[in-house]
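The values are calculated or read from the model by the stated rules, or taken from the named source; none is laboratory data. Remember, predicted model here, so these are calculated numbers, not experimental data. With ideal geometry, Cβ positions are generated from the backbone for all residues, glycine too; neighbour counts draw on all protein chains shown.
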Amino acid sequence: MDEAGLIEWLRFARDDLEVAGMLLTMHSRKIEIICYHCAQSAEKYLKAALFFDELPIPRIHNLLTLADIVGGRHPEVLEMGRSLADLQPYAVVVRYPLELSVAAGDEELAFNAASRIAERMEVLFGAPRGTRRS
């Protein structure tokens with residue numbers, strides 16, 4: 001396994017979650033953008049697991065499908081189903097006008113779901129040295 005490649009996948013996943021967290025601190029919250037970055041973080045964590053296992057990385061955005069693939073080797077990922085399902089609407093649809101309505105509070109729920117996923121995925125990887133953020 002190419003550790004440098006895994007570090008990049010994890011960096012992207014962490015960056016999406018970090019950006020969502022920063023956007024949460026803004027006075028005028030951009031709910032759709034926060035939710036999107038939360039879903040992106042989860043997607044990149046799942047694709048990092050595929051990279052880690054040296055499996056093909058499909059160009060899809062369905063978090064539950066990705067979890068099913070990853071869950072074949074890491075059953076603990078399937079336990080995140082509720083959090084992944086909560087984020088799924090934000091994976092693509094939220095990026096287009098009039099496709100999905102969001103309400104105040106959705107961004108905090110999405111961030112909490114993405115944070116739970118990040119915590120569990122970091123444990124799965126054992127966070128390669130030099131990659132975990134404090």
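Determine which single condition Arg11 fails, assuming it passes every other condition in (1) assigned to a loop (DSSP other than H, G, I, E, B); (2) within 12 Å of the chain's Cα centre (by Cα).
Looking at each condition in turn, Arg11 falls short on (1).
Quick check: is even one residue across the stretch 16-32 at pLDDT 95 or above, out of contact with any Lys or Arg (no Cβ under 6 Å at 6 or more places or on another chain), acidic (Asp, Glu) and within 16 Å of Leu124 (Cα to Cα)?
no
Of the conditions (1) more than 12 Å from the chain's Cα centre (by Cα); (2) among the aromatic types (Phe, Trp, Tyr); (3) closer than 25 Å to Glu108 by Cβ, Tyr36 clears all except one; give me its number.
Among (1) more than 12 Å from the chain's Cα centre (by Cα); (2) among the aromatic types (Phe, Trp, Tyr); (3) closer than 25 Å to Glu108 by Cβ, Tyr36 violates only (1).
State whether one or more residues within the stretch 60-80 are without any contact (Cβ under 8 Å) to a residue 40 or more places away in the chain, outside any helix (DSSP H, G or I) and under 20 Å from Met1 (Cβ atoms).
yes
Tell me which residues, restricted to the stretch 1-57, are under 20 Å from Val77 (Cβ atoms), among the small types (Gly, Ala, Ser) and surrounded by 15 or more Cβ atoms within 10 Å (Cβ to Cβ).
Residues satisfying the conditions are Ala13, Ala39, Ser41, Ala42, Ala48, Ala49.
Between residues in the stretch 96-113 that are aromatic (Phe, Trp, Tyr) and residues that are surrounded by 10 or more Cβ atoms within 10 Å (Cβ to Cβ) and not in a loop (DSSP other than H, G, I, E, B), which pairs lie under 7 Å by C-beta distance while being six or more apart or on different chains?
Note: pairs meeting the criteria are Phe111/Ala20; Phe111/Gly21; Phe111/Leu24; Phe111/Ile34; Phe111/Cys38.
Checking the structure you have, find out if any residue of the stretch 78-100 is of a type in the set (Ser, Thr, Tyr), surrounded by 12 or more Cβ atoms within 10 Å (Cβ to Cβ), modelled with pLDDT of 95 or more and more than 20 Å from Ala20 (Cα to Cα).
Within the stretch 78-100 (the criterion being of a type in the set (Ser, Thr, Tyr), surrounded by 12 or more Cβ atoms within 10 Å (Cβ to Cβ), modelled with pLDDT of 95 or more and more than 20 Å from Ala20 (Cα to Cα)), the answer is no, since none of the residues qualifies.
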